[in-house]
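Visitor: Structure incoming, see below.
The values are calculated or read from the model by the stated rules, or taken from the named source; none is laboratory data. Being a predicted model, the structure only gives us computed values, none of them experimental. Quick reminder, even Gly has a Cβ in these numbers, built from the backbone with ideal geometry, and neighbours come from all protein chains shown.
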Amino acid sequence: MENKAFIYSSKAPSNEQMTKFKAFLKKKYNKDINVTWLYSTAFKMGFRLVYQNDIFDYNLLDKLAKFEQDIKSVDVDDQNIIPLIKEKIDGFNYQVKARQVGKVLSVMDGVVKIEGLKEATYGEIIHFESGVKGMVQFLNQDYISCILFSSDSEVHQGDKAYRTLRTAGIMVGEEFLGRVVDPLGNAIDGLGEIRTDKYYEIEREAPSIIDRRSVYRPLETGILTIDSMFPIGRGQRELIIGDRQTGKTAIALDAILNQKGKGVICIYVAIGQKASSVALLVENLRKRGALDYTIVVAAFASDPSSILYIAPYAATSLGEYFMENGKDVLIVYDDLSKHAIAYRTISLLLGRAPGREAYPGDVFYLHSRLLERSSQLNDKLGGGSMTALPIVETQASDVSAYIPTNIISITDGQIFLESDMFNSGQRPAINIGLSVSRVGGDAQTKAVKKASGTLRLDLSQYREMEVFTQFASDLDDVTKNLLVYGKGLMEILKQGQYCPLKQYEEVIVLVTALNHLFINVDIKHIKDCEMKLLAHFNQNESLLCESLENNKTLDEATKVSILRVAKEFIQNYLKGLNDEHKGN
Ligand code: ATP
Ligand code: MG
């Protein structure tokens, strides 16, 4: 074997140091060994000495940290404090320890088996000779398995592998706002490197019960159906579920756009999407002025499964930084079905036993430990929050498949989107019977809560009646009225993309609609009438709008004024239509 050792450091060692290294090696191995210096920026405050299979790390920072600990452990009240400290200082002699180098046994589909790194821990980052990185995912008596964060063509059988003693993590900080990054924290928007000094591990413990308080503030989405019937509170986890192309992303995107000026930081995590769709979404955010308060974390369909797998965890760590600093965060995982598939791929490659639908047994834990990190912190911890909107894609509306049922049971409610409704033009295509929000009601503002009143009940009555009367020809007046009213409500709930409503606008629409004021307006004019009504309020009733917005309550007097103004407006609107009709 070659009789050569290497020293890695950012500064060339002096002659004196070189002599010391040689003496050290001679003592250790009982022979003269040549030492060569190699430049490396990885060891700014120390060096690494490598001889054959042994590594000796010397790091000044570690040494100082240990020294600090030693000094802190001295009892201040002790009479002999000075001699004690002196003893510690005398003992300040850093011992370099030998560390093993691993050898790559095999590389297959992004999974690397390594022998000789027995002490490596689960989740630790491993460096390979060629410079690529991987993460330990499996520990065995004879070898460890590691998933690679890049293409596996750069690691070969027999390559050396080194421990880093660091678990996978991501840099965090305000600097990430407005940026698009990959799950390792590298900028991919071409706007230059993001420099911060704060490092969070990607897998962090969720806040404990004591650290939390119940969800108590609304997260306004600006989507009438959601805010009125399935309200979301800050710190809640609400699932958006539906087949492909049913407007799932659109709902999440609208929710992000509606946070403008509300002090909520948004994180959009794309998992397994095409780069072009992510680029389009980012452009949309930028165009509508929402990118300033948003971070996009993207793992593309073409990325290795390992990158897809860590994406939501890394993004959540980014969010936690803000939450721990007292801010409110909204995080969208688009989507977790692809995440589960990436995890299944990794697990199968690692040789774990496949379970139901070939997912490994711990696939529930995959998402529970992720979503548990979204919470409303108590005031002692700054009162920050993280609201999660995970998205799940179903096949043929089957919510009882494995992954959907798992995630439904982890979240605090779901918004269920239906293809049929979407295709028939009822957008957002929210199925009112199957959707639910289990905690948001407490967080809903009083005004919206009061204004929504019987909406859900009215709609379910309408739907029942609709099915019932589908084939009936002669209906009595009460039923006919109910059908017209219900149809009108459904029309009111239609809402295009990028047109979020403000809270007071939602209150006005709800009060007007639920008091049957739109009943005489023809179905094809309802949406137009609603928009013009809101414009009318904004223009002529700014005092009323302001008081609704500021007080967040709906008293009887306000309700009466809304009804008075709306009634008059709708009468004029109908008259206008009539005149137009006659004019033609
Ligand atoms: P995928 O399964 O491909 O991710 P998705 O469920 O996320 O799809 P979107 O991409 O959000 O669906 O929406 C599908 C299409 O429908 C898009 O072109 C979008 O612009 C349109 N769309 C979504 N919501 C609405 C809406 N409320 N009004 C009008 N068009 C909408
Ligand atoms: Mg989508």
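Visitor: Does the stretch 405-447 hold any residues that are outside any loop (DSSP other than H, G, I, E, B), of a type outside the set (A, V, I, L, M, F, W, C) and either more than 15 Å from ligand 1 (Cβ to nearest atom) or surrounded by fewer than 16 Cβ atoms within 10 Å (Cβ to Cβ) (or both), and which are they?
Guide: Those that are outside any loop (DSSP other than H, G, I, E, B), of a type outside the set (A, V, I, L, M, F, W, C) and either more than 15 Å from ligand 1 (Cβ to nearest atom) or surrounded by fewer than 16 Cβ atoms within 10 Å (Cβ to Cβ) (or both): Thr405, Asn406, Ser409, Gly413, Asp420, Asn423, Ser437, Gly440, Gly441, Asp442, Lys446.
Visitor: Restricting attention to the stretch 558-566, does a residue exist that is assigned to a helix (DSSP H, G or I), crowded, with 19+ Cβ neighbours inside 10 Å and under 34 Å from the mean Cα position of the chain (by Cα)?
Guide: no
Residues checked against (1) touching a Gly at 6+ places or on another chain (Cβ under 7 Å); (2) surrounded by fewer than 23 Cβ atoms within 10 Å (Cβ to Cβ):
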site	(1), (2)
Arg237	no, no
Asp243	no, yes
Ile265	no, no
Tyr268	no, no
Val278	no, yes
Asn284	no, yes
Lys287	no, yes
Ala299	yes, no
Met323	yes, no
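Visitor: Now a separate question. Among the strands (runs of 3 or more DSSP E) contained in the stretch 232-351, which hold 2 or more residues that are in contact (Cβ under 8 Å) with a residue 24 or more places away in the chain and away from ligand 2 (no atom under 13 Å from the Cβ)?
Guide: 264-273, 294-300, 328-334
Visitor: Tell me which residues, restricted to the stretch 123-160, are assigned to a strand (DSSP E or B) and of a type in the set (Ser, Thr, Tyr).
Guide: From the stretch 123-160, those assigned to a strand (DSSP E or B) are 124-128, 133-139, 144-148, 160; that's our starting set.
Of everything in the stretch 123-160, just one residue is assigned to a strand (DSSP E or B) and of a type in the set (Ser, Thr, Tyr), namely Ser145.
Visitor: What are the pairs, 6+ residues apart or on separate chains, where a residue within the stretch 566-584 that is within 22 Å of Leu534 (Cβ to Cβ) has its Cβ under 9 Å from a residue that is among the aromatic types (Phe, Trp, Tyr) and in a helix (DSSP H, G or I)?
Guide: Ala566/Phe537; Phe569/Phe537
Visitor: For the stretch 370-421, enumerate the residues that are more than 16 Å from ligand 2 (Cβ to nearest atom), β-branched (Val, Ile, Thr) and farther than 19 Å from Pro312 by Cα.
Guide: Val399, Thr405
Visitor: Please give the number of the condition Gln52 fails out of (1) of a type outside the set (A, V, I, L, M); (2) at pLDDT 75 or above; (3) on the phi > 0 side of the Ramachandran plot.
Guide: (2)
Visitor: Within the stretch 348-380, which residues are of a type in the set (Asp, Glu) and either in contact with a Leu (Cβ under 6 Å, 6 or more places away or on another chain) or modelled with pLDDT of 95 or more (or both)?
Guide: Looking only at the stretch 348-380, we keep the residues that are of a type in the set (Asp, Glu), and these are 357, 362, 372, 379.
Within the stretch 348-380, Glu372, Asp379 meet the criteria.
Visitor: Would it be correct to say that Ala388 is of a type in the set (Gly, Ala, Ser) and surrounded by 23 or more Cβ atoms within 10 Å (Cβ to Cβ)?
Guide: Answer is yes for this residue.
Visitor: Given the options Ala396, Ala401, name the one that is at positive phi, of a type in the set (A, V, I, L, M) and within 16 Å of ligand 1 (Cβ to nearest atom).
Guide: Ala396
Visitor: Determine if the stretch 396-404 includes at least one residue that is of a type outside the set (S, T, N, Q), under 18 Å from the mean Cα position of the chain (by Cα) and in a strand (DSSP E or B).
Guide: no
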